[in-house]
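Structure first, then comments.
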Amino acid sequence: MENIALIESFSEFKDDKLIDRVTLMAILEDVFRNALKKKFGNDDNFDIIINPDKGDLEIWRNRVVVADGEVEDDNQEISLTQAQRIEPDFEVGEDVSEEVKLIDLGRRSILALRQNLISKIHEHDNTNIYKQFKELEGEIYTAEVHHIRHRAIILLDDEGNEIILPKDRQIPSDFFRKGENVRGVIESVELKGNKPAIIMSRTSPLFLEKLFESEIPEVFDGLITVKKVVRIPGEKAKVAVDSYDDRIDPVGACVGMKGSRIHGIVRELGNENIDVINYTNNLQLFITRALSPAKVTSIKLSEEGNRAEVMLKPEEVSKAIGRGGHNIRLAGQLTGYEIDVFREGVEEDVELSEFSDEIDSWIIEEFAKIGLDTAKSILEHDVSDLVKRTDLEEETVGEVIRILKSEFED
């Protein structure tokens, strides 16, 4: 391989990756100096002249002329006879510059040099990609589905950069086809070896926060602040918003007329149910709002630890707890309080868990899912209603009611 051919092969990478001229020359010189060290043991006495724009490359070795038979270092010294073959008038003590052709390095060295060159270019490119995406952490990004795997979807952006969307960062209802555009938030960027691993997430609360920022002008402009976001991806989310301008209704602005503004966000998240709540420093009021749509009768905050005892009318309990306990769990995460629900006007009630020796735990869990976790809360309903609201058989429900009634009759 001639000098010019090697430079031309490098130019292909240069044009593709848009490496600037200074970086190009630095990479080339570094690669050639490594090759010279391996061949001659030292590169201090070599001059490398590179003109990548024209494809020119020259390597010159500088040696001192010594008398015949006194050469101790072939790389640093040259005998008088050898020097005079280059120029007849050389004398002992003078410096000799001699051009080194790549072919003189040997075929193996040239192949290794090219491989090193490619490696250095990729390393430079990967470093730039890492820096670029590190600055995008926490921001929304769009890329196209390239390959669908069991544990992740591989995406490619317009620049051909690979982005990973792991299965556990996908909303349960997500279904993507090859070639489809996917939006998510850049969750993390790490260098694994020399290659950047870019992880996208659609389940992060930050994704929902950034969707508010991109879809609602007042949030983007800073007139409305998103204080906190909690999510059960694909199921339910609660977003606390605030405004320092009393003329702006933050909840109304975010939801829009008949939900027009938030509709696009809900659709993006697979019809995730989003509650937008007015933030307040008044903890009791904030907890009340967080338990929406349930109407709270009263709240008592524990003096020790972040615990709240909430009193509700019996018909409001199931609303406060929500399907699968989602509402009360998210309300607790949003407010930072562990919330205990109590039924107003119910005295001498017994927790359903107290009957675990007579009622199987999975049956108790089924009732808890619809907000019925005490004996009297179940006895307030008839059998047919309980069968409709749970996955339990009529016979099972009837047996539970018999057990509970016998407790109060006793």
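From the alpha carbon centroid of the stretch 201-216 to that of the stretch 391-405 is 44 Å.
With R₀ set to 25 Å, the beta-carbon distance separating L379 from N278 gives a calculated FRET efficiency near 0.10.
With contacts taken as Cα pairs under 8 Å at a separation of at least 6 residues, the chain carries a relative contact order of 8 percent. Computed from the Cα positions only, the extents of the chain along the three principal axes stand at 124, 55, 46 Å, in decreasing order. Given axes a ≥ b ≥ c from the Cα gyration tensor, I'd like to know whether the stretch 38-99 is rounded (a/c under 1.5), prolate (a/b larger than b/c) or oblate. In terms of gyration-tensor shape, oblate.
Using the Cβ-Cβ distance between E190 and E395 with R0 = 41 Å, the FRET efficiency computed as 1/(1 + (r/R0)^6) comes to roughly 0.15. All C-alpha to C-alpha distances of the stretch 185-325, sorted into 10 Å bins beginning at zero, yield P(r) values of 11, 33, 32, 18, 5, 1, 0 percent in whole numbers. Would you mind checking which residues have amide H under 5 Å from G184's amide H? H placed 1.01 Å from N; only 5 or more apart, or other chain. It is Y141, by chain and number.
With Cβ to Cβ distances under 11 Å as the rule, what net charge do the other residues near A240 carry (K, R +1; D, E -1)?
Around A240, the surrounding residues sum to +1.
The residues of the stretch 186-321 have, on average, 51 Å² of accessible surface per residue, using a 1.4 Å probe with all protein chains present.
Residues whose amide H lies under 5 Å from that of I274, counting only those 5 or more places away or on a different chain, are A237; hydrogens are built 1.01 Å from N in the peptide plane. Listed values for the stretch 331-336 are Karplus-derived 3J(HN,Hα) couplings in whole Hz (6.51 cos²θ - 1.76 cosθ + 1.60, θ = phi - 60°), namely 4, x, 5, 5, 8, x, and x replaces Gly and Pro. Note on L156 and N271: their simple-model spin labels are 3.4 nm apart, each label 7 Å out from Cα toward Cβ.
For the stretch 133-233, the convex hull spanned by the alpha carbon atoms encloses 118 Å³ per residue.
Separation of the alpha carbons by more than 26 angstrom is noted, of K313/K405; K39/K192; K258/K300; K210/K236; K134/K210; K210/K300, for K39/K192; K258/K300; K210/K300. How big is the gap, in Å, between the Cα center of the stretch 164-199 and the Cα center of the stretch 312-326? Spelled out, the Cα-based centre of one part sits 36 Å from the other.
Carbon and sulfur: what percent of the chain's accessible surface (1.4 Å probe)?
With neighbouring chains kept in place, the figure for the chain is 45 percent.
Charged side chains reduced to their Cβ positions (Lys and Arg at +1, Asp and Glu at -1) give the chain a dipole of some 1120 debye around its Cα centre. Shown here are the Rg and Dmax of the Cα trace of the stretch 299-410, at 14.6, 45 Å.
The values are calculated or read from the model by the stated rules, or taken from the named source; none is laboratory data. For clarity, every value in this text was computed on a predicted model and none was experimentally measured. Virtual Cβ from ideal backbone geometry, glycine too; neighbours counted across all protein chains shown. With ligands, DNA and RNA removed, areas are computed over all heavy atoms of the protein, side chains included. Shrake-Rupley method; radii C 1.70, N 1.55, O 1.52, S 1.80 Å.
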